[in-house]
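Take a look at the structure below.
Please treat every number below as a calculation from the coordinates, not as lab data. Quick caveat: nothing in here was measured; it's all calculated off a predicted structure. All Cβ positions, even for glycine, are placed from backbone atoms using ideal geometry, and neighbour counts span all protein chains on display.
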């Protein structure tokens, strides 16, 4: 049976941007102070899945700004409050693009983490992208973590049989939302 490839990228939050890099840094400073710990670098994740000669780029991002409307948008959701999603400014996109581009890949903090999977497993993962729970970005989950772009990626990995809880961001960093996706996948 031929193998397919799942590739996880750890990207610094706000890389290449002007606003998000500062707002996320301020948020992390506030969180660290509240939790009585040192601030840590924050990471956003994206996946690439290569199956039968095609590479699929998978990520969740705001419906506005860099990369918005590009590729194949397979799901959308609200940011902040469910009703706010009626406005594009408060909406996110889940993208799964054949031969698509992950805009901030040049800023990756480390080499990707790769897994060899079966062709059927890779196709099933790609098929589940549009089935991700449409939770509100920023909504607190029962475990206290918030739903966001990292939740999509950890949810996909966990539902594909890859232990997302065993993965850690580089540089002693944090990936807010990571555990929310794992918890949602385990339900």
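Annotations for the structure displayed:
- Label positions at residue 35 and residue 134, each projected 7 Å from the Cα along the C-beta direction, are separated by 3.0 nm.
- GNM remark for the chain: springs join alpha carbons under 10 Å apart, and the peak mean-square fluctuation among 135, 47, 156 falls on 135.
- Helix 149-159 axis, angle to the chain major axis (alpha carbon atoms, nearest 10°): 40
- Selected from 33, 25, 134 as most flexible by GNM, with the chain as the system and alpha-carbon contacts under 10 Å: 33
- Under Stokes-Einstein, with the Kirkwood radius over Cα pairs as Rh, the value for the chain at 37 °C and 0.692 mPa s is 197 µm²/s.
- Rounded, prolate or oblate (a/c below 1.5 giving rounded, otherwise prolate when a/b exceeds b/c) for segment 105-183 by Cα gyration tensor: oblate
- Maximal additional length on extending the residue 25-residue 123 stretch stands at 31.6 nm, based on 0.36 nm per residue less the C-alpha distance.
- Dividing the summed helix terms, -39500 (n - 2.57) for each DSSP H run of n ≥ 4, by the number of residues in the chain produces a 222 nm estimate of -7500 deg cm²/dmol to the nearest 500.
- Candidates 114, 171, 143: whichever shows maximal mean-square fluctuation once the chain is modelled as a Gaussian network with Cα springs under 10 Å: 143
- Rounded tilt (10° steps) of 20-35 against the dominant C-alpha axis of the chain: 70
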